[in-house]
Amino acid sequence: MKVLLAPLFFLSRHCKHCARMFYRENPGSWLGIHEFESLPPLGTFDAKRGFLPDFPTLLMFEEFVIDGEAAERIKTPGDRVWLGEWPRLLEALESEGALSAVDVSAAASARSHERGWMLRRDLADPKRWWQAMAHYVSLVGLADKMLGEDPLNAQDFSWELDPEASFGIPGSDGEVHDPTVVLQEGRNSGNPHHRELYSSSLESLKSQLREVNACMTACAELDVAPIMWAPYQKYLSEKFSGSTGQDAQSIGTAGREFFQVAFPAYAPTTVQEFATLRSDKRIKALRREVRRAAGYGETLERSYPQRVLNEVLRLERKAARMRRITGWIATAVGTIPVPGLGLAAAAVAEAATTRLERKAREPWHWFYLVSDGRGAT
């Protein structure tokens, strides 16, 4: 599957002139969340290491598309040391021919009539989107708070919902109101302040839906599937609800859960580990297993990793027994006074044992791939 590493914003962009002035006056700083407008989903932020790519998610896909402007910014980071391993990641993907740079903005701007129709259809029932909007508002608000306006003072951030965090819009009563509650109650709310803020909440919803629809348009133009920033995930889930098969978002989530929940000791944490896994032929078996397990909901079950380990250990014990038996036979045959027979018998027994072991391990190639040199086997 080929996927688009989507920018944070397709349509809402910061003034480039203002950005240049800001960088000139504040070298090494960033423009808050607008700093990432053209960049792909960068993963979690570590105050010491910068952004850490979501390697488990990226491992699930064969090819990637990225915006040309974003590619250039990542390849020449300059003062953007917070990009962490992303420059090396792009280099690794390009070296294997798995990355294409395109004009994502142009692709997103196509089909204006169709995008207009999509937005009108979405807004036929604004209340439908209140959960998606709540997810977006919470994550973007938290990102703004944790990342701030200076990367040197930014705090660790992992794009996870904080139930205690609350972000809203100020009303004329001096209170801050939740735009999703305003959206749910509608323009005829019994709360006069919510009626007053309804238009503002609706405009925010429109802006977010325009971004999602622009992403879907770009993907249709480029014939790829979308991987969007975390704040948009609920919108995509709603958009793809009822569709058959697994979309890129659910596949990526499955990959993340596979390593975080089932086999955390084996997760790739560097570009080198990531590239090593991707270059192995057994990577296809890993992707098949992740999708299969996710389809049955197994990766979230505590019994899943234990069951896998038990099966692999059973195979290894069986292989050890086979080697003991063939070794005994070769030794016994070696006692017969026929020149060369003992050596030939040993070679035949070894070859037969190797073939049987390879056949038995074939369904578990994916486990041997992730466990080679990683964690405790």
inquiry  = I'd like the residue in the stretch 96-113 that is of a type in the set (G, A, S) and either within 21 Å of the chain's Cα centre (by Cα) or buried (at least 17 other Cβ atoms within 10 Å of the Cβ) (or both) and, out of all such residues, is nearest to L58 (Cα to Cα).
reply    = A98
inquiry  = Restricting to the stretch 260-285, name every residue that is of a type in the set (V, I, T) and touching a residue at least 60 places away in the same chain (Cβ under 8 Å).
reply    = T269, T270, V271, I283
request  = Return a yes/no flag: does the stretch 51-66 have any residue that is within 27 Å of R24 (Cα to Cα), touching a residue at least 24 places away in the same chain (Cβ under 8 Å), out of contact with any strand residue (DSSP E or B) (no Cβ under 7 Å at 6 or more places or on another chain) and not in a loop (DSSP other than H, G, I, E, B).
outcome  = no
request  = Please enumerate the residues belonging to the stretch 177-192 that are touching a Phe, Trp or Tyr at 6+ places or on another chain (Cβ under 7 Å), buried (at least 19 other Cβ atoms within 10 Å of the Cβ) and not β-branched (V, I, T).
outcome  = L183
query = When you go through (1) in a loop (DSSP other than H, G, I, E, B); (2) over 30 Å from A47 (Cα atoms) one by one for V182, which number turns out not to apply?
reply = (1)
inquiry  = Checking A71 against (1) of a type in the set (G, A, S); (2) touching a strand residue (DSSP E or B) at 6+ places or on another chain (Cβ under 8 Å); (3) touching a residue at least 60 places away in the same chain (Cβ under 8 Å): exactly one of these is not met. Which one?
reply    = (3)
ask   = Scanning the stretch 168-185 for residues that are farther than 23 Å from K234 by Cβ and without any contact (Cβ under 8 Å) to a residue 12 or more places away in the chain, which turns out nearest to the chain's Cα centre (by Cα)?
value = P170
ask   = Residue check: is H135 more than 21 Å from the chain's Cα centre (by Cα) and of a type outside the set (G, A, S)?
value = no
query = Across the stretch 225-274, what is the total count of residues that are in contact with a Gly (Cβ under 8 Å, 6 or more places away or on another chain), outside any strand (DSSP E or B) and either of a type in the set (A, V, I, L, M, F, W, C) or at pLDDT 95 or above (or both)?
reply = 2
ask   = Among the residues of the stretch 165-209, which ones are charged (D, E, K, R), within 24 Å of S12 (Cβ to Cβ) and modelled with pLDDT of 80 or more?
value = E203, K206
inquiry  = It is to be established whether one or more residues within the stretch 299-313 are part of a loop (DSSP other than H, G, I, E, B) and either touching a His at 6+ places or on another chain (Cβ under 8 Å) or within 29 Å of E63 (Cα to Cα) (or both).
reply    = no
query = Among the numbered criteria (1) among the charged types (D, E, K, R); (2) part of a helix (DSSP H, G or I); (3) surrounded by fewer than 19 Cβ atoms within 10 Å (Cβ to Cβ); (4) out of contact with any Asp or Glu (no Cβ under 9 Å at 6 or more places or on another chain), which single criterion is violated by R195?
reply = (4)
request  = Would you confirm whether any residue within the stretch 119-137 is closer than 27 Å to E69 by Cβ and surrounded by fewer than 19 Cβ atoms within 10 Å (Cβ to Cβ)?
outcome  = yes
task = Determine, yes or no, whether V140 is within 30 Å of S29 (Cβ to Cβ), modelled with pLDDT under 95 and among the β-branched types (V, I, T).
result = yes
Among (1) over 20 Å from the mean Cα position of the chain (by Cα); (2) closer than 30 Å to R282 by Cα; (3) of a type in the set (S, T, N, Q), the one test that T44 misses = (1)
Close pairs (6 angstrom Cβ cut-off, 6 or more residues apart or separate chains): free of Cβ contacts under 8 Å to residues at least 60 places away in the same chain in the stretch 186-212, buried (at least 16 other Cβ atoms within 10 Å of the Cβ) and part of a loop (DSSP other than H, G, I, E, B) anywhere = H193/G171; R195/S189; L197/G171
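The values are calculated or read from the model by the stated rules, or taken from the named source; none is laboratory data. Remember, predicted model here, so these are calculated numbers, not experimental data. Positions of Cβ are backbone-derived with ideal geometry, glycine not excepted, and every protein chain shown enters the neighbour counts.
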